[in-house]
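Structure record follows, encoded as structure tokens.
The values are calculated or read from the model by the stated rules, or taken from the named source; none is laboratory data. Just so it is clear, the structure is predicted and the values come from calculations on it, not from any experiment. Please note: Cβ atoms are built from the backbone with ideal geometry, for glycine as well, and neighbour counts cover all protein chains shown.
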Amino acid sequence: MTGTITGADGRTRFQTTVARVTGHQLFWPVVALVVLLLACGIVSPGFLDVTVRDGHLFGQPVDILRQSATPLLLAIGMCLVIATGGIDLSVGAVMAISLAVSLTYIAESGTGSNLSTALTGLFLGLVVALAIGVFNGFLVTVLGIQPFIATLILMIAGRGIAMLVTKGQITTVTSPPFKSIGSGFVLGIPTPVIIAGGVFVLVALLVRRTALGMLLESIGINREASRLAGVKSRNITWFVYILCGLLAGLAGIVYGAPTMAADSNNIGLMKELDAIMVVVLGGTKLDGGKFSLAGTIVGALILTTLERAVVIFHLPTQVTPLFKALVLIVVCVAGSERLRGKLKIRRTSRPVVAAEVAA
Amino acid sequence: MSPTSTTDTAPAAAKPVVEMTGITIEFPGVKALDDVALTLRPGEVHALMGENGAGKSTLIKALTGVYTIDSGTITVSGAEQRFDGPADAQAAGVSTVYQEVNLCANLSVAENVMLGHEVRLGPFVNWPATRRAARAHLARFGLDIDPVSMLASHSIAIQQLVAIARAMVVDAKVLILDEPTSSLDKAEVAQLFDVVRQLRADGVAILFVSHFLEQVYDISDRMTILRNGRLVGEYLTSDLPRLELVSKMVGRASEDLADIEAVARRAAAPSEGAREPVLQALALGKDGSVEPFDLDLFEGEIVGVAGLLGSGRTEVARLLYGADRPDQGTITVRGKHVKGASPLGSLQRGVALASEDRKKEGIIGDLTVRENIALAMQAERGAWRRVPAKELDATVAKYIDALGIHPANPDALIKNLSGGNQQKVLLARWLATAPKLLLLDEPTRGIDVGAKAEIQRLVAQLASEGMSVVFISSELEEVLRLSHRVVVMRDRHKVGEIHNGPDVTTTTVLETIAASGSAS
């Protein structure tokens with residue numbers, strides 16, 4: 001008996017180390033990201049190089065970071081909404097509305113090159129996004145409409161609203177300060193990266209330094225028990241929808257600023273699904289509860305790297321969705337607890353038999 | 001190593017149908033089962049005994065294929081089995097009827113009985129034949145009910161029998177009954193036991209789990225006792241006196257147990273002369289829930305609430321706490337009138353409610369013990385002011401120690417704990433808010449002798465320290481043992497208030513319930 005137990009212990013210690021690493025929810029997403037980057041590096045030598053030009057960072061990795069800003073901003077809000085057991089389908093449309101409001105204000109003011117005009121435009125766009133978040137949260141928490149349906153309303157109506165704001169035109173403006181939100185540099189780092197990084201740090205502090213994160217998870221896991229424990233689930237859930245709306249607005253402005261064209265039909269199209277995919281890639285389950293904000297960074301990087309890889313591999317860009325789906329399948333299957341359970345049975349069943357033979 | 005079963009009765013000579021040996025199951029942070037054995041013989045009722053957390057549920061789930069065992073062997077009808085899911089276990093002839101009736105209430109009786117075994121006609125279901133088959137199966141258990149009727153239209157007892165009929169559709173060799181009697185009255189239990197005896201006579205091996213010792217002695221031939229995930233032993237029921245059974249389950253000498261009860265009783269000595277009530281309810285009521293009632297609750301006093309299931313016991317507690325909004329009457333807490341009762345408001349006023357439904361209204365399964373204890377404390381302070389880590393750690397350590405929460409690991413997920421320990425964690429959650437008034441709704445349900453005595457003693461101790469406690473339980477003995485005053489409920493009315501004393505017995509309370517029945 002003792003002999004087999006020692007044997008089992010030695011095996012377990014090694015296995016627990018391996019299991020702790022491979023069992024971490026971010027293990028497979030990180031593997032996918034590294035594999036993608038390496039594949040790109042092999043196909044296109046120099047892909048991973050970063051150079052400094054005019055004091056600014058340049059190179060493919062920098063571009064990937066820059067383009068990850070939009071999905072990351074969306075996914076941070078989406079992640080918190082999903083933690084409460086909800087979903088926000090309107091974020092793509094909110095991007096279009098915010099950008100339309102900002103650019104329309106700047107266009108009508110006629111003083112696009114003024115910094116104050118650009119800032120006011122930014123502010124107005126964010127206020128509208130915030131108001132939309134308030135509206136979504138109201139539908140979900142006060143009226144008790146299912147989040148999927150409640151946010152579907154603005155997903156459908158949102159682009160129409162954006163069209164109303166721009167009077168059916170693609171509003172274009174010339175505003176260097178506004179443009180720099182999307183294409184400028186701060187200390188050599190692209191502005192969107194600074195914005196998304198800053199937002200991430202702020203939200204992470206907000207969620208983990210206060211008790212908001214724990215209460216979000218408790219609401220997502222067992223809403224009624226949380227209510228009976230005194231958790232203000234309505235206020236907290238509402239707050240999260242507002243934050244999600246606000247971040248979607250910011251994402252729209254960051255995304256649309258470089259072109260300075262409010263193309264209401266195309267800005268943020270299907271981005272809500274990208275955001276959900278990023279959250280899932282980051283190891284957060286759609287049924288709410290436990291969530292991983294750090295995972296959204298990995299998820300956003302995978303998404304952007306994928307889009308870049310399609311170009312690097314000289315594939316027609318039309319197949320990008322297929323690639324997204326493939327990576328999603330691989331990561332989800334690899335991270336599947338059920339599959340891991342099955343593999344574990346197979347692995348442990350053999351030594352048990354051996355031990356019995358030995359005994 | 002293997003425990004003693006002294007004498008073998010004649011029918012027990014049959015070859016075992018199930019043999020489980022060396023069963024070990026580990027969850028993260030918890031060793032749920034450690035080298036446990038279980039043998040089931042055809043034509044025998046075998047009771048699985050143990051306290052909460054002893055590993056009964058886990059062992060059953062290993063046998064039914066819900067959990068995969070980490071080591072050990074399971075042999076059914078002589079063939080070694082490795083169950084990959086409940087379907088495998090069923091295919092091997094092991095059927096289960098769970099504690100909560102696992103049927104579809106909104107389907108017909110016939111559909112429930114025959115689900116997955118419908119009589120087929122090509123790709124279609126032959127409904128008339130299916131219903132006939134269902135009727136035949138039901139008749140086997142003396143159930144003469146319309147197979148087309150909706151399951152929900154029948155009593156829980158009938159549903160329980162339908163569940164057994166369903167389990168036996170596959171001609172199971174082994175039938176597991178997990179707490180089948182917890183929501184049945186006496187006559188219904190007798191009806192159920194008739195069916196069990198009939199199955200035993202038919203040669204089915206029955207594994208019976210129940211907290212009711214009387215029923216275990218009434219129906220079982222043999223028993224296996226577990227404690228803390230380990231095997232204590234297998235015994236013939238006729239050879240094992242009750243007191244010895246209890247001490248084996250609890251792991252203490254039986255004199256100690258009697259001592260605990262005595263302590264609980266002594267500590268519960270009434271402390272009269274309280275001045276202002278902690279909470280005063282005047283004409284408090286809610287349509288369709290409870291008729292208006294008055295109630296004063298004083299410091300240091302335990303008020304029991306007695307009444308049958310559905311008499312409005314739970315609803316009283318929910319109204320006092322603000323879990324449900326009263327639509328009439330007033331609540332005054334320590335002289336202050338309460339407007340818009342809500343759980344959060346109640347917690348801030350020092351009122352806490354431990355709900356009867358641990359799973360749905362209590363635990364946050366995927367969070368840790370620490371987080372579950374912190375929840376109410378944290379909710380009281382709001383989302384932005386986090387309870388400092390030091391303070392929280394101290395609180396959690398204090399209650400894990402004081403309540404004897406096992407495992408004593410604050411980072412274990414609460415869903416991996418046993419029912420009794422989950423209940424202790426929930427008590428810790430409410431106690432951590434330092435309530436002046438604690439409403440306990442069935443705090444000892446599904447908990448056995450040892451843990452029950454612990455919780456009773458805790459309640460008595462809290463009251464002696466000045467807390468006001470409302471104690472709701474369907475066990476009258478328990479209510480009478482602890483309470484200074486007993487509120488009697490019947491048909492959603494408060495029908496009386498009895499001051500507890502030496503001359504008050506369960507009969508007194510039952511008479512109050514019955515008398516009011518004839519009066520109204």
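Observations
- Some residue of segment A:155-170 being under 30 Å from residue A:57 (Cα atoms) and more than 14 Å from every other protein chain (Cβ to nearest Cβ): no
- Filtered by the rule that a residue be more than 19 Å from residue A:62 (Cβ to Cβ) and of a type outside the set (Ser, Thr, Tyr), segment A:300-325 gives A:313, A:314, A:315, A:316, A:318, A:319, A:321, A:322, A:323, A:324, A:325.
- In segment A:171-211, residue surrounded by the fewest Cβ atoms within 10 Å (Cβ to Cβ) [restricted to those that are within 14 Å of another protein chain (Cβ to nearest Cβ) and over 19 Å from the mean Cα position of the chain (by Cα)]: A:209
- Only one of B:316, B:303 that is not in a helix (DSSP H, G or I) and not assigned by the TED database to the domain that holds residue B:407: B:303
- Considering segment B:316-370, the residues that are farther than 19 Å from residue B:291 by Cα and of a type in the set (Ser, Thr, Tyr) include one that is nearest to the other protein chains (Cβ to nearest Cβ), namely B:355.
- Some residue of segment A:93-113 being hydrophobic (A, V, I, L, M, F, W, C) and outside any helix (DSSP H, G or I): no
- Any hit, segment A:81-96, residues being at pLDDT 95 or above, of a type in the set (A, V, I, L, M) and over 22 Å from the mean Cα position of the chain (by Cα): no
- Those residues of segment A:14-34 which are more than 17 Å from residue A:294 (Cα to Cα) and at pLDDT 90 or above, in sequence order: none
- Some residue of segment A:63-79 being small (Gly, Ala, Ser), within 27 Å of residue B:366 (Cβ to Cβ) and surrounded by 24 or more Cβ atoms within 10 Å (Cβ to Cβ): yes
- Any hit, segment B:498-506, residues being surrounded by fewer than 22 Cβ atoms within 10 Å (Cβ to Cβ), β-branched (Val, Ile, Thr), over 19 Å from the mean Cα position of the chain (by Cα) and assigned to a loop (DSSP other than H, G, I, E, B): yes
- Residue in segment B:382-392 that is more than 11 Å from chain A (Cβ to nearest Cβ) and of a type in the set (Asp, Glu) present: yes
- Within segment A:275-320, the set of residues being assigned to a loop (DSSP other than H, G, I, E, B) and among the basic types (Lys, Arg) comprises A:285, A:290.
- Checked against (1) surrounded by fewer than 24 Cβ atoms within 10 Å (Cβ to Cβ); (2) within 19 Å of residue A:276 (Cα to Cα), residue A:49 passes all but condition (2).
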